[in-house]
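Values quoted throughout were computed directly from the atomic coordinates according to the rules given, and no laboratory measurement underlies them. Predicted, not measured: the structure shown is a model, and the values here were computed from it. Here Cβ is always computed from backbone atoms with ideal geometry, including for glycine, and neighbour counts include all displayed protein chains.
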Amino acid sequence: MKKCKELCVGCLNSIYNRPGYGCWHFLSAKVVERKRVGIDDKPPWNYQPIETMLDCRKERRFVFVDPNREC
């Protein structure tokens, strides 16, 4: 899958993706599949859907784990 700025929407660093600026993580980012897990969620995480995102993604109160990981 080709990386694109749409994958940045919702990332804490997406404020840098406005005209005239650029997120310094985007150039070296890779597209990966991960599970979005809330920091308060208890394992197992097998009910979490697998999402396609950039490996540099950051969100408040979430971590991103390997899609095969259950706990």
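Numbers at a glance
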read-out	value
FRET efficiency, 1/(1 + (r/R0)^6) with R0 25 Å, evaluated for Asn13 and Tyr47 via beta carbons	0.35
Whole-number D in µm² s⁻¹ for the range 15-71, Kirkwood Cα-pair radius fed into Stokes-Einstein, 25 °C, 0.890 mPa s	194
Amide proton proximity set for Trp45, modelled H, under 5 Å, gap of 5+	Cys71
